[in-house]
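Below is one structure, written out as structure tokens, with a few remarks after it.
Values in this text are rule-based calculations from the coordinates and carry no lab data. Remember, it's a predicted structure, so these values are computed and weren't measured experimentally. With ideal geometry, Cβ positions are generated from the backbone for all residues, glycine too; neighbour counts draw on all protein chains shown.
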Amino acid sequence: MTAIKSVEIFSDGACSGNPGAGGYGVVLRYGTNEKELSGGEKSTTNNRMELMGVIEGLSALKEPCKVTLTTDSKYIVDSVTKGWVCGWKKRNWIKSDGKKALNIDLWEKLLPLLEMHDVSFVWVKGHAGHPENERCDRLAVRQRDIYSSKQEE
């Protein structure tokens with residue numbers, strides 16, 4: 001039996017306006033190997049881009065892994081680690097305040113990935129000099145700017 005691989009994923013999202021053009025950036029690290037992923041949309045929200053980064057990072061893994069996932073998104077970290085998203089799902093995607101949860105389509109993509117991998121979340125303050133978070137931010141902003149210029153076309 002082979003040992004489960006330990007992977008680091010760093011992720012960030014960016015949006016110009018909310019909604020507006022947005023992007024996400026991801027860095028995957030396994031040992032000394034690194035891979036960057038990024039993408040975006042013409043009309044989206046910051047939270048959607050944060051979720052897309054996490055989804056794309058975890059989806060890039062070809063087998064179940066032990067993952068340390070670093071993000072500056074309190075929305076994602078709290079929703080998962082405090083069990084909010086599981087509660088929303090149990091209540092047919094209704095939050096404790098009676099309102100419909102947002103981004104259900106993305107949460108439904110993320111939850112199976114969280115079951116497949118052993119994920120530990122690490123929250124970092126955004127724009128505070130964390131090297132990988134800053135790198136992901138640059139990737140996300142580049143995509144946001146690309147999609148922002150596509151809106152003008």
Subject >> Projected label distance in nm at R142 and W84, using a 7 Å step from Cα toward the beta-carbon >> reply: 3.1 nm
**OP:** Give me the number: length gained by fully extending L113 to S59, i.e. 0.36 nm times residue separation minus the C-alpha to C-alpha distance, one decimal in nm.
**Re:** 18.7 nm
Subject >> In sequence order, calculated HN-Hα J values of the range 62-75 (Karplus, 6.51, -1.76, 1.60; Hz; x Gly/Pro) >> reply: 8, 8, x, 9, 8, 10, 9, 10, 9, 8, 9, 8, 5, 3
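Given axes a ≥ b ≥ c from the Cα gyration tensor, I'd like to know whether the chain is rounded (a/c under 1.5), prolate (a/b larger than b/c) or oblate.
Working: a/c = 1.78, a/b = 1.06, b/c = 1.68.
Oblate, because a/c is 1.5 or more while a/b does not exceed b/c.
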Original post:
When the Karplus curve 6.51 cos²θ - 1.76 cosθ + 1.60 is applied with θ = phi - 60°, which whole-Hz ³J(HN,Hα) does each residue of the range 30-47 get, with x for Gly and Pro?
Top reply: 10, x, 9, 8, 10, 9, 9, 10, 7, x, x, 8, 5, 9, 7, 10, 4, 4
Original post:
In the structure shown, do any of K74/K109; K35/K125; K62/K95; K42/K90; K5/K125 have a Cα-Cα gap over 30 Å, and if so which?
Top reply: K62/K95; K42/K90
Original post:
trypsin sites (Lys or Arg not before Pro) within the range 15-76: which are DSSP loop residues with at most 14 other Cβ atoms inside 10 Å?
Top reply: K62
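Does the range 18-91 classify as rounded, prolate or oblate by the C-alpha gyration tensor (a ≥ b ≥ c root eigenvalues; a/c under 1.5 gives rounded; else a/b over b/c gives prolate, otherwise oblate)?
Oblate, because a/c is 1.5 or more while a/b does not exceed b/c.
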Original post:
Which whole-angstrom value gives the distance between the alpha carbon centres of the range 34-85 and the range 101-153?
Top reply: 5 Å
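Hey, got a sec? Which trypsin sites (Lys or Arg not before Pro) in the range 124-153 land in a DSSP loop and have at most 11 other Cβ atoms within 10 Å? List each step's numbers first, then the result.
On the way: sites: K125, R135, R138, R142, R144, K150; in loops: K125.
In loop regions of the range 124-153 (DSSP not H, G, I, E or B), the sparsely surrounded trypsin sites (Lys or Arg not before Pro) are K125.
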